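K.L.:
Here it is, the structure, as C-alpha cells.
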Amino acid sequence: MKKIILVLLILWAVPAAASDVSFAPTTTQGDFRNFSEDIGSVLLYRSIGPAVSLGITGFNLGAEVMASDIDENKGYWKKAVSDRNPPSYLTNARVTFTKGLPLDFDAGIVLGKVVDPDIPYFGAEVRYAILKDQALVPGLHIRGSYSQTFNVDQLDLRTYALDLSVSKGFGVGIKITPYAGVGAAWVSSKASHLAPGLSLGKEEFSQAHGFLGARLNLGILAVTAEVDYGTIPSYSLQLGFAF
C-alpha cells in the first residue's frame, strides 16, 4: 500500500511529459463552456466507498486511479491542450484520507492530479450518516464537498457538490458492500493568462450525476470499484486501509 501511494505521489509531483491546459487563440466562449463542463465532471470530489460511518476512532487511507472517457475528437478539446492532441481517456491519480468524527460525521480530504493535461487539484468533504448500516437497515449518507484546481495557469475551476448515497454490507470477515448514489454539483470555471487578443468569460453551471460501486473488505484492506455517470463517464479503483 505504501508503495502504491508513493507511486501516485511521484506521479502527482513530477512534471508530466504531456500537455498543459492552454487555450488556442481560436477558442470561442462555447468551446470554453463545453470544456469546462467536461473537466468539471472529472474534478468533482468523489468519496469512493459505501455509506458506512467510520466512527470516532475510524479512518480510511486510500490510493485511487480514475479514468474518464472524453471525446478527444471534439474541437474544444483540441483547442484546450497545449499540444492540440488530447488523450481519449483522462487519467486521474488521487490520494484520499477520511476520518470519523463524533455524532456520526466523517470528514475527508483529497490530493489529486489529472496527468494529461496536467491539472493538479485538492478537495474536502463532510458527510453525515442519516442511517447506519445494520441488520435490516441500509446505510444512508448525505455529503457536501468542494474541489479546486491549483497551479494551472489558464484555468481556475471550483466545484461544490451535494450527494446522497445508500449501501448495504453482506458477509462477515470477508465483506462486500454495494452502494449507489445521486448528486448535484455547481461549477465555476474561469480562464486567465490567455493569449493576446483572446478573451473568455467566466462560466457557472450545475450538473447532475449518479454512481454505482462496491467495496470488498479483507480485514483492514479494502478494494473499491466505482462507476460515475455524469457529463462524462468515469471509472475509479481504490486500494485502501480502513480501520
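K.L.:
More than 27 Å from R33 (Cβ to Cβ), modelled with pLDDT of 95 or more and surrounded by 14 or more Cβ atoms within 10 Å (Cβ to Cβ) - does that describe any residue in the range 199-210?
P.N.:
No - not one qualifying residue is present in the range 199-210.
K.L.:
Restrict the check to the range 215-236 and report whether at least one residue is without any contact (Cβ under 8 Å) to a residue 12 or more places away in the chain and either more than 30 Å from A135 (Cα to Cα) or of a type outside the set (G, A, S) (or both).
P.N.:
No, there is no match, as no residue in the range 215-236 is without any contact (Cβ under 8 Å) to a residue 12 or more places away in the chain and either more than 30 Å from A135 (Cα to Cα) or of a type outside the set (G, A, S) (or both).
K.L.:
Sticking with this structure for a sec: Do any residues in the range 31-60 that are farther than 30 Å from D116 by Cα have Cβ atoms under 6 Å from those of residues that are buried (at least 23 other Cβ atoms within 10 Å of the Cβ) and at pLDDT below 95, where the two are at least six apart or on different chains, and which pairs are they?
P.N.:
Partner pairs satisfying both residue conditions: none exist.
K.L.:
Go through the range 124-168 residue by residue and tally those that are part of a loop (DSSP other than H, G, I, E, B), free of Cβ contacts under 8 Å to residues at least 24 places away in the same chain and not small (G, A, S).
P.N.:
Residues flagged as part of a loop (DSSP other than H, G, I, E, B), free of Cβ contacts under 8 Å to residues at least 24 places away in the same chain and not small (G, A, S) within the range 124-168 amount to 3.
K.L.:
While we're looking at this one, here's another question. Does any residue in the range 169-196 that is under 27 Å from L155 (Cβ atoms) come within less than 6 Å, Cβ to Cβ, of a residue that is surrounded by 14 or more Cβ atoms within 10 Å (Cβ to Cβ) and among the polar types (S, T, N, Q) six or more places away or on a different chain, and which pairs are these?
P.N.:
A185/T159; A185/Q207; V187/T159; S189/S36; A191/Q154; H193/Q154
K.L.:
A further question follows. Tally time: how many residues in the range 46-69 are assigned to a loop (DSSP other than H, G, I, E, B) and either more than 18 Å from L237 (Cα to Cα) or touching a strand residue (DSSP E or B) at 6+ places or on another chain (Cβ under 6 Å) (or both)?
P.N.:
Adding up the residues that qualify gives 12.
K.L.:
Quick check: is even one residue across the range 52-67 farther than 27 Å from F170 by Cβ, at pLDDT 95 or above and surrounded by 15 or more Cβ atoms within 10 Å (Cβ to Cβ)?
P.N.:
Yes: the range 52-67 contains one or more residues that are farther than 27 Å from F170 by Cβ, at pLDDT 95 or above and surrounded by 15 or more Cβ atoms within 10 Å (Cβ to Cβ).
K.L.:
Taking the range 72-123, which residues are within 18 Å of A191 (Cβ to Cβ) and in a strand (DSSP E or B)?
P.N.:
V81, V114, I119, P120, Y121
K.L.:
I want to confirm something. Restricting to the range 72-117 and keeping residues that are farther than 21 Å from T224 by Cα and either under 15 Å from the mean Cα position of the chain (by Cα) or small (G, A, S) (or both), which single residue is surrounded by the most Cβ atoms within 10 Å (Cβ to Cβ)?
P.N.:
Selected residue: A80.
K.L.:
May I ask you to verify whether G173 is small (G, A, S), surrounded by fewer than 16 Cβ atoms within 10 Å (Cβ to Cβ) and at pLDDT below 95?
P.N.:
Criteria met by G173.
K.L.:
From L200, L221, grab the single residue that is out of contact with any helix residue (DSSP H, G or I) (no Cβ under 9 Å at 6 or more places or on another chain) and not acidic (D, E).
P.N.:
Result of the check over L200, L221: L221.
The values are calculated or read from the model by the stated rules, or taken from the named source; none is laboratory data. Nothing here was measured: the structure is a model prediction, and the numbers come from that model. Methodologically, a virtual Cβ is constructed for each residue, glycine included, from the backbone with ideal geometry; neighbour enumeration extends over all protein chains shown.
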